[in-house]
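Shown next, in structure tokens, is the structure this report addresses.
The values are calculated or read from the model by the stated rules, or taken from the named source; none is laboratory data. The model shown is predicted, which means the values in this text are computed figures rather than measured ones. Positions of Cβ are backbone-derived with ideal geometry, glycine not excepted, and every protein chain shown enters the neighbour counts. Surface accessibility is based on the protein's heavy atoms, side chains included, excluding ligands, DNA and RNA. Shrake-Rupley method; radii C 1.70, N 1.55, O 1.52, S 1.80 Å.
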Amino acid sequence: MSGPVEFEVVGSPAAQGSKRHVRNGVMVEMGKNHKPWRAAVAAAARDIAEHDDVPAPLDGPLQLIVAFRFPMPASRPKAARTAGSAPKTTAPDLDKLVRSVGDALTESGLIHDDARICSVHASKLEVVGWTGAVIRIEAVS
């Protein structure tokens, strides 16, 4: 890997929920709305891999840095709205958001396997402006 790979995904970040056993060994995803989000992340990652001369699939120890951007509610104080961003301390859970991104990156072919991610820095923000995520992948030396 020559350098970090960074891209934006516009949309509504959705957590990948827990799985539930239904019958005959079949597992069903419990999270709602995660499929469109995972598809958007996978499409953006695939686009980066195909068009930006990234040697995909990325392999070896990787660090994932992701900032999830959610719409800021109108009820936030004026100071927060003027600043343009504030920490998001409500659902969805950050770990389930990260899991959704890791699986989408693997599905896209940008990374060999999300098990290669050995370091994660993730944040959830309420923002004024576009929503989605900024995703960065770096080699760990």
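Name the residue that is farthest from Leu62 (Cα to Cα), counting only residues in the stretch 81-126 that are basic (Lys, Arg) and in contact with an Asp or Glu (Cβ under 7 Å, 6 or more places away or on another chain).
Residues of the stretch 81-126 basic (Lys, Arg): 81, 88, 96, 99, 116, 124.
Next, only the ones that are in contact with an Asp or Glu (Cβ under 7 Å, 6 or more places away or on another chain) stay: 88, 116.
Numbers: Lys88: 26, Arg116: 6 Å.
In this case the residue turns out to be Lys88.
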Report task. Tell me which of these Arg23 doesn't satisfy, since it passes every other one: (1) under 18 Å from the mean Cα position of the chain (by Cα); (2) surrounded by fewer than 17 Cβ atoms within 10 Å (Cβ to Cβ); (3) at pLDDT below 95. Result -> (1)
Requested in this report: Would you mind stating whether His51 is at pLDDT below 95 and under 14 Å from the mean Cα position of the chain (by Cα)?
Outcome: no
Requested in this report: For Thr89, work out the one condition from (1) surrounded by fewer than 13 Cβ atoms within 10 Å (Cβ to Cβ); (2) modelled with pLDDT under 95 it doesn't fulfil.
Outcome: (2)
Query raised in the report: Pick from Glu107, Glu138: which is within 21 Å of His34 (Cβ to Cβ), acidic (Asp, Glu) and in contact (Cβ under 8 Å) with a residue 12 or more places away in the chain?
Result: Glu107
Requested in this report: Could you tell me whether Pro71 is surrounded by 19 or more Cβ atoms within 10 Å (Cβ to Cβ), over 27 Å from Ala139 (Cα atoms) and in contact (Cβ under 8 Å) with a residue 60 or more places away in the chain?
Outcome: no
**Report entry** Cβ-Cβ under 8 Å pairs, at least 6 apart or on other chains, the stretch 75-88 side of a type outside the set (A, V, I, L, M, F, W, C), far side assigned to a loop (DSSP other than H, G, I, E, B) and open to solvent by less than 100 Å² (accessible area, probe 1.4 Å)
**Finding:** Arg81/Met72; Arg81/Val128; Gly84/Val128; Gly84/Gly129; Ser85/Met72; Ser85/Val128
